[in-house]
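Notes follow once the structure below has been shown.
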Amino acid sequence: MMTGKNLHRQMLDEFGHAIVTGVYPPGHRTTVRELEERYGVSRSVAREVVRVLESLRLVRSSTKVGLTVTAPSEWAMLAPEVIRWRLDSPGKAFQLKTLTELRRGIEPAAARYAAARVTWQQLEELRSSAAEMKRLGEAGEGDSAAFLAADIRFHAALLAASGNEMLAALEETITAILTGRNELGLTPPHPAAENLDNHAELADALADGDVARAERLATAIVDVVAHEVVQPATAG
């Protein structure tokens, strides 16, 4: 029997992770009652977890057959929970590759727009977080929670600075990618010095309104991360 205040989160993480890793493959059927017994939770907890998984499109319910696990093509792939579960799986190398490709499409575009739209407040956030990343990275704390927090602040500010609400809405997705990378131990204690500088230089390019340079630096940041992340994940 699960205990504690986080029954909902425990069951959601366990069942969701089991779905995305193929323990329960597409087409697998179950019921709320079976889930109650399997995870040792109340009916209300099981139902709430099912509602979340339905919202993520990992399962669908029917009065006739109960719950059915859906195919990956139906999943809400950009949802932070789905990203986190897929990163914590044997297929993490492929997941990291696809997520890095996603970032390569998103962040240079955000930088391009931000060069014309960034505010002074956003520039201050970009510069302060870049400086914090450099300080921590040079101290060998690139894998720390503080470095992760600064990294998240930087990229959230970049998306917001684009002035495009669709790009800004991807903040949770990018945060999930950065967090998942850190939790898997794929953030080096000593990040590439060039990339630490790239963050500060990107802020400068935005301040100068230099569209081409901003886009190039945003691309370079993601490319360096791809080298740092994908190779270790493949080897692991």
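Structure values in brief
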| quantity | calculated |
| --- | --- |
| Residue in segment 118-143 that is surrounded by the most Cβ atoms within 10 Å (Cβ to Cβ), counting only those that are in a loop (DSSP other than H, G, I, E, B) and more than 17 Å from the chain's Cα centre (by Cα) | Val118 |
| Filter result for Arg47 (more than 21 Å from the chain's Cα centre (by Cα) and under 25 Å from Asp223 (Cβ atoms)) | no |
| Meets criteria (without any contact (Cβ under 8 Å) to a residue 60 or more places away in the chain and not in a helix (DSSP H, G or I)) for Arg9 | no |
| Any hit, segment 77-95, residues being within 16 Å of Asn195 (Cβ to Cβ), surrounded by 20 or more Cβ atoms within 10 Å (Cβ to Cβ) and charged (D, E, K, R) | no |
| Of all residues making up segment 144-184, the number that are surrounded by fewer than 18 Cβ atoms within 10 Å (Cβ to Cβ), under 20 Å from Glu101 (Cα atoms) and either outside the structural domain of Leu123 (by TED's automatic domain parsing) or small (Gly, Ala, Ser) (or both) | 2 |
| Meets criteria (out of contact with any Asp or Glu (no Cβ under 9 Å at 6 or more places or on another chain), under 24 Å from Ala169 (Cα atoms), of a type outside the set (Lys, Arg) and not assigned by TED's automatic domain parsing to the domain that holds Leu184) for Glu54 | yes |
| Those residues of segment 160-213 which are assigned to a helix (DSSP H, G or I), over 21 Å from Arg127 (Cα atoms) and more than 12 Å from the chain's Cα centre (by Cα), in sequence order | Glu165, Met166 |
| Yes/no for Val49 being farther than 24 Å from Asn182 by Cβ, assigned to a helix (DSSP H, G or I), touching a Phe, Trp or Tyr at 6+ places or on another chain (Cβ under 7 Å) and touching a residue at least 40 places away in the same chain (Cβ under 8 Å) | yes |
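The values are calculated or read from the model by the stated rules, or taken from the named source; none is laboratory data. Predicted model, so just to flag it, every value in this text is computed and none were measured. Quick reminder, even Gly has a Cβ in these numbers, built from the backbone with ideal geometry, and neighbours come from all protein chains shown.
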